[in-house]
Structure formats: structure tokens, C-alpha cells
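A quick write-up on the structure given underneath.
The values are calculated or read from the model by the stated rules, or taken from the named source; none is laboratory data. Remember, it's a predicted structure, so these values are computed and weren't measured experimentally. Virtual Cβ from ideal backbone geometry, glycine too; neighbours counted across all protein chains shown. Please note that ligands, DNA and RNA were not included when accessible areas were found on the heavy atoms of the full protein model with its side chains. Shrake-Rupley method; radii C 1.70, N 1.55, O 1.52, S 1.80 Å.
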Amino acid sequence: QVQLVESGGGLVRAGGSLRLSCAASTRTFSDYYMGWFRQAPGKEREFVAAINWSGSRPEYADSVKGRFTISRDNDKKTVYLQMDSMKSEDTAVYYCAAGSLGIVQFTSSPDYWGRGTQVTVSS
């Protein structure tokens, strides 16, 4: 069982930045693909970014490519999402997720989810 706790959400103006963190409670953090999804009001949850076990291979949704950066610290068992040049359409609840079977499984059905953190971008 893996517990994921997100932090760092809040209110930011368009063009600004936020950094989300997700701390995992597991002895085998480096065994998991980690990443982020988001869900805006009235919309389905969507993939945002993911990163492989070693942190060498990030993946991004087209909507955030070039603006968001995902990273991980396996010693701290934490994954980060640096969000820059934010837009009003980035407003959503952001969920941390973990998957054990690679990027294909991660983007469709991760094994574990956090409870989410609200991000609001004002225009």
C-alpha cells in the first residue's frame, strides 16, 4: 500500500508559478512511476505529467509541455510539479498518482492516488 500526500496548491495569478509536492509513504518509492493528473470543474480527470523510476524520462500532456516540469527525489520519496507561465485553464484539483507497471499503465489506471490539492489561477 502506498499513501500519497500532495501539498503546494493555492491561488496564483495568470503568468505566475507554483510548485506542487507529493510525499509517498512506501519503502519502495523508486519502484514506482510517479506523476500528476488534474480535474477541472465539470470535466474528466486528465493526465498532466509522469516520470519514470530513475527520473530520466519525463512525459507531459501537450497542454502543459514547455510550462510544467516534473521531477522526483527518490531519497526524499517525493515527486514535484513545477508549474510556470500558468493560465486560467490550469485551474483544477491536482492529484498525485503512482503506478508500478510503466507509462502506459500509469496514464490509464495508476495503482494509487492522493487526495488532491486545489490550484486556482486568476486571470
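Restricted to the range 92-116, and to residues there that are open to solvent by 30 Å² or more (accessible area, probe 1.4 Å), in a loop (DSSP other than H, G, I, E, B) and not charged (D, E, K, R), the residue that is nearest to Y60 (Cα to Cα) is S109. With a requirement of 1 or more residues that are open to solvent by less than 30 Å² (accessible area, probe 1.4 Å), in contact with a Pro (Cβ under 9 Å, 6 or more places away or on another chain) and within 18 Å of I103 (Cα to Cα), the strands (runs of 3 or more DSSP E) lying completely within the range 1-85 that satisfy it span 33-39, 46-51, 68-73. The residue pairs whose first member lies in the range 52-66 and is over 28 Å from S88 (Cα atoms) and at pLDDT below 95, whose second member is surrounded by fewer than 16 Cβ atoms within 10 Å (Cβ to Cβ) and not polar (S, T, N, Q), and whose beta carbons are closer than 8 Å, counting only pairs six or more residues apart or on different chains, are W53/D31.
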